[in-house]
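Some notes on the structure that comes next.
The values are calculated or read from the model by the stated rules, or taken from the named source; none is laboratory data. These numbers were taken from a predicted model, which means no experiment stands behind them. FYI the Cβ positions are ideal-geometry reconstructions off the backbone, even for glycines, and counts take in every protein chain you see.
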Amino acid sequence: MRSAVAAGLILGIALTLTVAPLRASEKLLVGFPSLATALSPAWATAEHGFWKKYDLDVELIYLSGETTIPALVGGTIQLVIGSDPTTTIAIIKGARLIRLGVTTNSLGSSLVTHPGVSSVQDLKGKTIGIGSRGYSSLELRLDQVLREHGIDTKKDVKFLPISGGPSGRVAALDKRLIAAAMITPPYDLVAEKQGLKILSNIDVPLLAGGINTTSSFLKDNREVLIRFLKGYMEGIHYMIGHKKETLKAFSKYLRGVNDTILSHFYKEITGRVDKGLRPDSKSVRFLLDFVALEYPQAKGLTEKDHWDLSLLNEIHDSGFVERLYRK
């Protein structure tokens, strides 16, 4: 949430295009910003053809976090799975975006340290690695944990931005450039296998893998989006019941990761995914309060603002999800 992100969003908003309604046979371009746990059900859904079952040719496009929402606002893509804090920022800045559902209502991470660290208090006076663009929501939770253990995060520790995502932070730990960092699955297990220590597991009540689109696209393509959501739900159902096949799909995205670590990743997402794609109000509030640290306007938003759950309600009221899990 730095100046580069804000500049990209402003540019994207300025370039907003009118998106023509889709025909069933047309391609649906869906962006995702990282190889994070909450985004993985989309990989399984695409790899096993569940969107094709609903006459949609969905192409998942891996974009950098700074370009994903500008691409959505500008009409280059039609949907984004993820980029939830950035979506909120774009809305605050005037983008007409709408949230349709969410993949998970919590995020898990591990506080990874050197083997000699025995407690959180041992981090006093140390350097802690964070993401290259500043605090993430998980690092906000780390800030809270440090304070709960008597550590003044402005005076007692130093935060060092590390590029390269979680794997970059693992490398920095291994080289002893930092004493601790928040690491997301499956890289926390990678770190442990390299001899580093998982000091604590930290969960955040934060929605992740949000399904975001523009208001104009929703208006013109409601029926298409219902099919998209149904395909995603069916892909999640398949993912939960078919571990072997899902691990194969995951391996195409998480290249070079062994089966043990892939299984760890699978366990993490199947334990968190919301089968009905419904947001939890506490998770939405946590997101808004997090964004409000830099954009106070987020405090004025309610847990229902800029959501349209009518598509999910229509699907649920039809008995679709109930029948899916009755099989």
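One residue stands out among those in the range 276-306 that are acidic (Asp, Glu) and part of a loop (DSSP other than H, G, I, E, B): the one that is nearest to the chain's Cα centre (by Cα), which is Asp280. Among residues of the range 158-174 that are free of Cβ contacts under 8 Å to residues at least 60 places away in the same chain, those with a beta-carbon under 7 Å from a residue that is outside any strand (DSSP E or B) and of a type in the set (Lys, Arg) at least six positions away or on a different chain give the pairs Ile162/Arg169. The residues of the range 43-57 that are surrounded by fewer than 24 Cβ atoms within 10 Å (Cβ to Cβ) and of a type outside the set (Phe, Trp, Tyr), listed by number, are Ala46, Glu47, His48, Gly49, Lys52, Lys53, Asp55, Leu56, Asp57.
Of the residues examined, Pro161 is one that is under 22 Å from Ser64 (Cβ atoms), surrounded by fewer than 18 Cβ atoms within 10 Å (Cβ to Cβ) and under 25 Å from the mean Cα position of the chain (by Cα). Take the residues of the range 261-275 that are touching a residue at least 60 places away in the same chain (Cβ under 8 Å) and in a loop (DSSP other than H, G, I, E, B): which is surrounded by the most Cβ atoms within 10 Å (Cβ to Cβ)? It comes out as Asp274. Scanning the range 207-248 for residues being of a type outside the set (Phe, Trp, Tyr) and closer than 25 Å to Glu26 by Cβ gives a total of 25.
All of Leu100, Leu17, Leu9 fail the test of being of a type outside the set (Val, Ile, Thr), at pLDDT 95 or above and outside the structural domain of Glu192 (by TED's automatic domain parsing), apart from Leu100. Looking for whichever is crowded, with 20+ Cβ neighbours inside 10 Å, touching a residue at least 40 places away in the same chain (Cβ under 8 Å) and either not in a helix (DSSP H, G or I) or not aromatic (Phe, Trp, Tyr) (or both) here; the options are Val112, Val117. Which one fits? So the residue among Val112, Val117 that is crowded, with 20+ Cβ neighbours inside 10 Å, touching a residue at least 40 places away in the same chain (Cβ under 8 Å) and either not in a helix (DSSP H, G or I) or not aromatic (Phe, Trp, Tyr) (or both) is Val112. The residue pairs whose first member lies in the range 216-234 and is within 11 Å of Trp51 (Cβ to Cβ), whose second member is crowded, with 22+ Cβ neighbours inside 10 Å and hydroxyl-bearing (Ser, Thr, Tyr), and whose beta carbons are closer than 7 Å, counting only pairs six or more residues apart or on different chains, are Gly231/Thr45; Tyr232/Thr45. Checking Gly231, Gly319, Gly235 one by one, the residue that is surrounded by 18 or more Cβ atoms within 10 Å (Cβ to Cβ), out of contact with any Cys (no Cβ under 8 Å at 6 or more places or on another chain), farther than 27 Å from Ala95 by Cβ and at pLDDT 95 or above is Gly235 and no other. The residue pairs whose first member lies in the range 77-90 and is on the phi > 0 side of the Ramachandran plot, whose second member is among the β-branched types (Val, Ile, Thr) and crowded, with 24+ Cβ neighbours inside 10 Å, and whose beta carbons are closer than 8 Å, counting only pairs six or more residues apart or on different chains, are Gly82/Thr68; Ser83/Thr68; Ser83/Ile69. Of the residues making up the range 63-76, those that are in contact (Cβ under 8 Å) with a residue 60 or more places away in the chain, more than 16 Å from Asp308 (Cβ to Cβ) and touching a Gly at 6+ places or on another chain (Cβ under 8 Å) are Glu66, Ile69, Pro70, Val73, Gly74.
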